[in-house]
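Visitor: Questions regarding the structure given below will be posed in turn.
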Amino acid sequence: MVAVTIWNEYRHEREDDAVAAVYPDGIHATLADTLATDHEVRTATLEEPAHGLTDDVLASTDVLVWWGHDAHEDVDDAVVDRVQERVLEGMGFVPLHSSHYSKPFKRLMGTSCSLQYREDGGTERLWVVDPGHPIANGLDEAIELPETEMYGEPFDVPEPDRLVFVSWFEGGEVFRSGCCYQRGKGRIFYFRPGHETYPIYENEAIQRVLRNAVAWAAPPEGSPRTFGERD
């Protein structure tokens, strides 16, 4: 089984009644329930020592799932260093929704990762544009989310290695919502849906995407990498 660590700020759920009504036990708990059917799962949150991401935890993590929104700057740079190092070594990384602004994702992308947004509760249609990709296994040609936050282009990220999803919103905007990258030996999948005031992570199709994404991002065997002087 893939060893998954789910990281969540876990602030909104404790400070905002509207968020607590949707995710009473925290977004990380809902994600853990989804992924525990296929994977070995643990959770970590911002307020834990080392944000719950010690050397030992990361060393035993195959895939790190990250949800952040309001406290990006509160994440210690030493933890970001450890996450980056582990991704380069082969750990998978799945940043969700507003984690496009997370320190680890921005570090790995090397860009601002900025975008347009609007909190209007409009409809989103998430189109599968790479139906042959493993993350799209078992999906219909589109996923419709009746209430969501709009993210729009331009999205200041490097060109994805493969683009699995493109979103359309009621306002006419489009967005690259499922972006695959390789950094070192590690696979990265950025997935847009997941605003904290909408029960998006309870959607069965979204849950399937998350399970597929973790399976895809898990470290492949590959070949060893050695650095430094050689005999």
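Visitor: Identify which of the listed values of Cα extents along the principal axes in Å was calculated from the structure shown: [x] 61, 39, 35; [y] 64, 42, 31; [z] 59, 35, 28.
Guide: Looking at Cα extents along the principal axes in Å for this model, the match is [x].
Visitor: Quickly estimate the mean residue ellipticity at 222 nm for the chain, helices only: each DSSP H run with n ≥ 4 gives -39500 (n - 2.57), and the total goes over all residues, rounded to 500. Display every interim value, and only then the final one.
Guide: Working: 7 runs with 58 residues, N = 231.
Estimated from H runs of four or more residues: -7000 deg cm²/dmol.
Visitor: OK, next. State the answer as a single residue: which of Ser102, Val174, Gly92 lies farthest towards the positive end of the charge dipole of the chain, with beta carbon charges of +1 for Lys and Arg and -1 for Asp and Glu, about the Cα centre.
Guide: Highest projection toward the positive end goes to Gly92.
Visitor: Also, quick follow-up: Roughly what % antiparallel, to the nearest 5, for the DSSP beta bridges in the chain?
Guide: 60 percent
Visitor: Also, I was wondering about something else. Near Met1, within a Cβ-to-Cβ distance under 10 Å, what is the net charge of the other residues, with Lys and Arg +1 and Asp and Glu -1?
Guide: So the environment of Met1 carries a net charge of -3.
Visitor: On average, how much accessible surface per residue is there in region 56-180, in Å², for a 1.4 Å probe, leaving out ligands, DNA and RNA?
Guide: About 41 Å² of surface per residue is accessible.
Visitor: Pop out the carbon and sulfur fraction of the accessible area of the chain as a percent, whole number, probe 1.4 Å.
Guide: Answer for the chain is 45 percent, counting heavy atoms of protein chains only.
Visitor: Now a separate question. Net charge near Ala71, counting Lys/Arg +1 and Asp/Glu -1 over other residues with Cβ under 10 Å of its Cβ?
Guide: Net charge in that neighbourhood comes out at -4.
Visitor: Quick one: grab the alpha carbon gyration tensor of region 1-115, order the square roots of its eigenvalues as a ≥ b ≥ c, and give me rounded if a/c is under 1.5, else prolate or oblate depending on whether a/b is larger than b/c.
Guide: Working: a/c = 1.63, a/b = 1.14, b/c = 1.42.
It comes out oblate by the Cα gyration axes.
The values are calculated or read from the model by the stated rules, or taken from the named source; none is laboratory data. Remember, predicted model here, so these are calculated numbers, not experimental data. Here the Cβ is made from the backbone with ideal geometry for all residues, glycine too, and neighbour counts use every protein chain on show. We work out accessible area using only protein heavy atoms, side chains counted, and drop any ligands, DNA or RNA first. Shrake-Rupley method; radii C 1.70, N 1.55, O 1.52, S 1.80 Å.
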